[in-house]
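The structure under discussion appears below in the form of structure tokens.
The values are calculated or read from the model by the stated rules, or taken from the named source; none is laboratory data. Here the structure is a predicted model, which means the values were calculated and not measured. Virtual Cβ from ideal backbone geometry, glycine too; neighbours counted across all protein chains shown. Calculation scope for accessible area: heavy atoms of the full protein, side chains included, ligands and nucleic acids excluded. Shrake-Rupley method; radii C 1.70, N 1.55, O 1.52, S 1.80 Å.
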Amino acid sequence: MPKPKIPLLPATSSRLLIALLPLMVSVGCSDQNKPTPAVSRPVKVFRIQDHTAVDARNFAGEIRARIETPLSFRVAGKLLERKVDVGDPVRKGQLLATLDGNDYRLAVQAIKAQLASAQADSNFLRDDLERYRELLAQQVISPPEFQRHETSYTTARERAAALEAQWAEAGNQLNYTELHADRDGVVTALAVE
């Protein structure tokens, strides 16, 4: 009986696998969090020749950033301070410029005082309404008299709510006297001095 031939391919493959095993282990254990090095990109360069050549062409143009974010104040006022110049890098939230906020501060104070007065009136009329409610239950006053006091309280309460909204708006306007960067970037132009 003839001896069967043993193919050499599996032994060669196993030797190859054994030879490649350390390489695969080293690749698998390498630090995957390392940043890949920056790949340099080729740049097309050409020499500028004499402009008197016959085939020379002139073009007017303007170079602009691909993504621009124009910023401006939301309120009017006198500029007090500009903290950046063209070309300066800025970070998100960085203060860029400020306006004179004295008028806006005074408006906040005035509305705050009006609000305090309206809240005091509202609290007084609320307590007064409770007294008139008891008098109405005892039939000492008429229903129209009670409704008149109820209307006064409702008016005072709503006036206080309206002044509270105006106070919040005045506070927002005071905050708008400071211009902050809304993202990281570079200042490319200034339309204010």
Checklist outcome for this item: In the range 136-158, residues that are open to solvent by 60 Å² or more (accessible area, probe 1.4 Å) and part of a helix (DSSP H, G or I) total 10
Checklist entry - Condition test on residue 161, is it closer than 20 Å to residue 107 by Cα, in contact (Cβ under 8 Å) with a residue 60 or more places away in the chain and among the aliphatic types (A, V, I, L, M)? => result no
Next on the checklist: Looking only at the range 57-101, how many residues end up being free of Cβ contacts under 8 Å to residues at least 40 places away in the same chain and open to solvent by less than 100 Å² (accessible area, probe 1.4 Å)?
Outcome noted: 4
Item to check | From the options 89, 143, residue that is more than 30 Å from residue 75 (Cβ to Cβ) and of a type outside the set (S, T, N, Q) | outcome: 143
Item to check | Filter result (among the small types (Gly, Ala, Ser) and either under 21 Å from the mean Cα position of the chain (by Cα) or at pLDDT below 80 (or both)) within the range 52-75 | outcome: 53, 56, 65, 72
Checklist outcome for this item: The condition of being within 47 Å of the chain's Cα centre (by Cα), at pLDDT 90 or above and buried (at least 17 other Cβ atoms within 10 Å of the Cβ) holds, among 165, 161, 120, 170, only for 170
Next on the checklist: Please determine whether any residue of the range 102-109 is in a strand (DSSP E or B) and touching a residue at least 12 places away in the same chain (Cβ under 8 Å).
Outcome noted: no
Next on the checklist: Can you find a residue that is in contact (Cβ under 8 Å) with a residue 24 or more places away in the chain, under 21 Å from residue 162 (Cβ atoms) and not aromatic (Phe, Trp, Tyr) anywhere in the range 129-141?
Outcome noted: yes
Checklist outcome for this item: The condition of being hydroxyl-bearing (Ser, Thr, Tyr), under 22 Å from residue 86 (Cα atoms) and buried (at least 16 other Cβ atoms within 10 Å of the Cβ) holds, among 177, 188, only for 177
Checklist entry - Which condition number does residue 175 fail, the rest of (1) touching a residue at least 60 places away in the same chain (Cβ under 8 Å); (2) under 30 Å from residue 88 (Cβ atoms); (3) out of contact with any Pro (no Cβ under 6 Å at 6 or more places or on another chain) being met? => result (1)
